[in-house]
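The values are calculated or read from the model by the stated rules, or taken from the named source; none is laboratory data. This structure is a prediction, so every number in the text was calculated from the model and none was measured. Glycine gets a Cβ as well: all are built from the backbone with ideal geometry, and neighbour counts include every protein chain shown.
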Amino acid sequence: MKFTEEHEWLREEDGEMVVGITIHAAEQLGDVVFVELPDEGTTVSKDDEVVVIESVKAASDILAPVDGEITEVNSALADNPGMVNEDPQGDAWFFKMKISDPSQMDEFMDEAGYQKFIG
Amino acid sequence: MAELKRTPLYDLHVELGAKIVPFAGYEMPVQYPLGVMKEHLHTREDAGLFDVSHMGQVIVSGSSWEQVATAFERLVPMDVLGLDDRRQRYGFFTNDAGGIEDDLMFARKGDDLFVVVNAACKDADIARMKDALEPEVTVTPAMDRALIAVQGPGAEAAVSAMDARAAEMTFMDVADLELGGIAVWASRSGYTGEDGYEISVPAAQAEALTRALLAQDGVEAIGLGARDSLRLEAGLCLYGHDIDSDTNPVEAALTWAIQQVRRAGGDRAGGFPGADVVMAALQDGVTRKRVGLLPEGRAPMREGVVIFDAPEGGNEIGVVTSGGFGPTVGGPVAMGYVATAHSKIGTPLWGEVRGKRLPLSVAKLPFVAANFKR
């Protein structure tokens, strides 16, 4: 699993990247009450706002971590946004993407690096 | 920025693991480890304890109740003189344009008037009262007192376990109680839509009292985050958001707080700032009104969301002034101002969120039925 400075994680699965937010990010957001997901098939560029997540406190944007195409979204989150607090690094993934430039992954942190980053 | 102040309970908040944020010039607990959602639900199901010591507590005193009440009526459009001893009422200060300068709770304690005002407005409120009322009557800020709210269906059991007289109070009663040997002033009121008490205690004893209340069955410390969602579901205004110096009480749907005796034809009609404007609004109506707004989908519509009368095109007819997720409702809730023509309950409207118009409807307030001890 790789981690970004935007508190997202990426996990490779069947040649695609599964993307979600970290446990630390979910704790900071507080109780999540709404998730708006992108359309499957959308082509995105790194740092595009692809997901809107609202907690009891505020709205936040989740950015595309890399260039690519959204191949699947976790529609269970729309009906049960609280999953983001319960299992942010497991069942509450946001979307899967086919990435166009694997070298964009090089800058991401491993788990130890991320733990140090959030210190 | 001026240095932030702390309430007498600051150290206890930190000890309890609160997340502290700046609010109205104070370092206040926005949530505890339980989190906003669970804190909200716990208050509706059992009892929540809130530190509201940042609010202003003021005593207005004079040679008689008549003198104090008559003087105070020059600042508010409420029936103060007719308030029975040991009773409390909701009110607001108006300005010359009929706008609301702050909302408040006032109670009669013998010949004295005990006033609780909002934290962000308290310096201005105290100055307003002193300027308008002294030296006829004396305005004394109770600087050395904390204010603790205990709210929820379990509040009566928790407080009356420490002083049985608490159970005899009904909604909007005030009484002097002795809680664990500490003399306090209590009112049976609050800001959650639930039964409960607000307890004024000397600052030096605030922490001991709070620890004793938290030791009662079912009482949890609750932060400002849940306080906001509780009051929103209860349809209660937040000053500076749902009401301000540009909104008059008729627009704000607060005419219930203006008793007949202060209205046209009443024995003490008018005589408060902006009375002509408020009287005209009462008689002729207003062009916008504060209403409940219920989004149809799951997306919260927060303060500032613009409201339209059509899913595309159409006219901008209103704005959300408070909005978020209502944990007891289980979905988004909001309130705001809409043009009077669109203010009827059930009217379909659209709120623009991130460039998209999402459906909502005008809804009855409160969103959650009040649970007061009448």
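Miscellaneous remarks
- Looking at B:ALA146, B:ALA158, just one residue is buried (at least 18 other Cβ atoms within 10 Å of the Cβ), in a helix (DSSP H, G or I) and either out of contact with any Leu (no Cβ under 7 Å at 6 or more places or on another chain) or assigned by TED's automatic domain parsing to the domain that holds B:VAL219 (or both), and that residue is B:ALA158.
- Checklist (1) assigned to a strand (DSSP E or B); (2) under 13 Å from the mean Cα position of the chain (by Cα); (3) among the acidic types (Asp, Glu) applied to B:GLU220, failing item: (2)
- Among the residues making up the stretch B:336-359, those that are farther than 26 Å from B:MET37 by Cα and part of a strand (DSSP E or B) are B:TYR337, B:VAL338, B:ALA339, B:PRO348, B:LEU349, B:TRP350, B:LYS356, B:ARG357.
- Test: residue in the stretch B:217-240 that is touching a Lys or Arg at 6+ places or on another chain (Cβ under 6 Å) and either modelled with pLDDT of 95 or more or surrounded by fewer than 24 Cβ atoms within 10 Å (Cβ to Cβ) (or both): no
- Scanning the stretch B:204-240 for residues that are away from chain A (no Cβ under 14 Å) and farther than 14 Å from B:GLY292 by Cα yields a count of 20.
- Strands (runs of 3 or more DSSP E) enclosed by the stretch B:36-121 - at least 1 residues per element that are in the same structural domain as B:MET172 (by TED's automatic domain parsing) and more than 19 Å from the chain's Cα centre (by Cα): B:56-61, B:100-109, B:112-117
- Of all residues in the stretch A:86-110 being touching a Ser or Thr at 6+ places or on another chain (Cβ under 9 Å) and within 19 Å of A:HIS7 (Cβ to Cβ), the one that is surrounded by the most Cβ atoms within 10 Å (Cβ to Cβ): A:MET97
- Filter result for B:VAL333 (part of a strand (DSSP E or B), within 13 Å of chain A (Cβ to nearest Cβ) and touching a residue at least 40 places away in the same chain (Cβ under 8 Å)): yes
- Residue ID - modelled with the lowest pLDDT, chosen from residues in the stretch B:315-374 that are more than 11 Å from B:PRO295 (Cα to Cα) and polar (S, T, N, Q): B:ASN371
Listed here are the residues, each with its yes/no results for (1) surrounded by fewer than 18 Cβ atoms within 10 Å (Cβ to Cβ); (2) over 23 Å from the mean Cα position of the chain (by Cα).
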residue	(1), (2)
B:GLY292	no, no
B:ARG302	no, no
B:PHE308	no, yes
B:GLU316	yes, yes
B:GLY323	no, no
B:ARG354	yes, yes
B:PHE367	no, no
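- Meets criteria (free of Cβ contacts under 8 Å to residues at least 60 places away in the same chain and surrounded by fewer than 20 Cβ atoms within 10 Å (Cβ to Cβ)) for B:ALA281: no
- Pair list, Cβ under 8 Å, 6 or more apart: the stretch A:93-119 residue touching a residue at least 12 places away in the same chain (Cβ under 8 Å), other residue part of a strand (DSSP E or B) and exposed (fewer than 11 other Cβ atoms within 10 Å of the Cβ): A:LYS96/A:GLU13
- Long-range neighbours under 7 Å by Cβ, at least six apart or interchain, first residue within 10 Å of another protein chain (Cβ to nearest Cβ) within the stretch B:289-314, second outside any loop (DSSP other than H, G, I, E, B) and among the aromatic types (Phe, Trp, Tyr): B:ARG298/A:PHE34; B:ALA299/A:PHE34; B:PRO300/A:PHE34; B:PRO300/B:PHE325
- Of the residues making up the stretch B:336-355, those that are in contact with a Lys or Arg (Cβ under 9 Å, 6 or more places away or on another chain) and either of a type in the set (S, T, N, Q) or within 11 Å of another protein chain (Cβ to nearest Cβ) (or both) are B:THR340, B:SER343, B:VAL353.
- Search result, residues across the stretch B:342-355 that are in contact with a strand residue (DSSP E or B) (Cβ under 9 Å, 6 or more places away or on another chain) and closer than 16 Å to B:VAL305 by Cα: B:PRO348, B:LEU349, B:TRP350, B:GLY351, B:GLU352, B:VAL353, B:ARG354
- Scanning the stretch B:180-200 for residues that are closer than 23 Å to B:MET143 by Cβ, more than 19 Å from the chain's Cα centre (by Cα), touching a residue at least 24 places away in the same chain (Cβ under 8 Å) and surrounded by fewer than 24 Cβ atoms within 10 Å (Cβ to Cβ) yields one hit, B:ILE182.
- Any strands (runs of 3 or more DSSP E) falling wholly within the stretch A:59-119 and containing at least 2 residues that are closer than 30 Å to B:GLU303 by Cα, within 14 Å of chain B (Cβ to nearest Cβ) and modelled with pLDDT under 95: A:59-63
- Residues satisfying the stated conditions in the stretch A:15-46, i.e. touching a Lys or Arg at 6+ places or on another chain (Cβ under 7 Å) and within 14 Å of chain B (Cβ to nearest Cβ): A:GLY30, A:PHE34
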